[in-house]
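A short write-up of the structure that comes next.
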């Protein structure tokens, strides 16, 4: 075999490398990335209250809030439901069709726990907050707040709440959470 022309060999090598780069590069970065579907009311998010981690479901939409924990018997010891309101207000909760004894904690817009009340199974009497400056309500198994020494003054982790709202497909700023 005769020696090949060095320029031809170099040209073939560059052409081969360019072809390989184009072939292996196809399909990467060109196609739009699929975004994960937003989480739902059924998903739990770990958010601390004081120094206690809680697995919370977020009730944000009206129908989620109306349903709340009705008919639920499967709430584990450190699980609860956080009701997220767009503005501050006086809160009122009842236990229609709710068999699990609960406690409810009411929080201000800056995440400070202000009030805690017991809620009794199937009791349709309204439990009203005293304050009209509340933004979040957390329902937990009855005795959770006392058993974990979570008292008024404890803070809800608003940064973790903002991430959970994003994961649910909501803009945290629309709920005053940053």
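What follows draws every value from the coordinates through simple rules; no lab data is involved. From a predicted model like this one, the values you see are computed outputs, not experimental measurements. Cβ atoms come from the backbone with ideal geometry, glycine included; neighbour counts cover every protein chain shown.
Structural remarks
- Exposure proxy for 130, 67: other Cβ atoms within 10 Å of each Cβ, ordered fewest to most, give 130, 67.
- Spin-label pair residue 146/residue 42, simplified geometry with 7 Å Cα→Cβ offset, distance in nm: 3.5 nm
- Cα point-scatterer Debye curve for segment 83-178, base-10 log of I(q)/I(0) at q = 0.13, 0.20 Å⁻¹: -0.46, -1.01
- Centre-to-centre separation between the Cα atoms of segment 115-178 and those of segment 61-109: 8 Å.
- Remark: relative contact order (segment 45-175) = 29 percent; criterion is Cα-Cα distance under 8 angstrom and separation of 6 or more residues.
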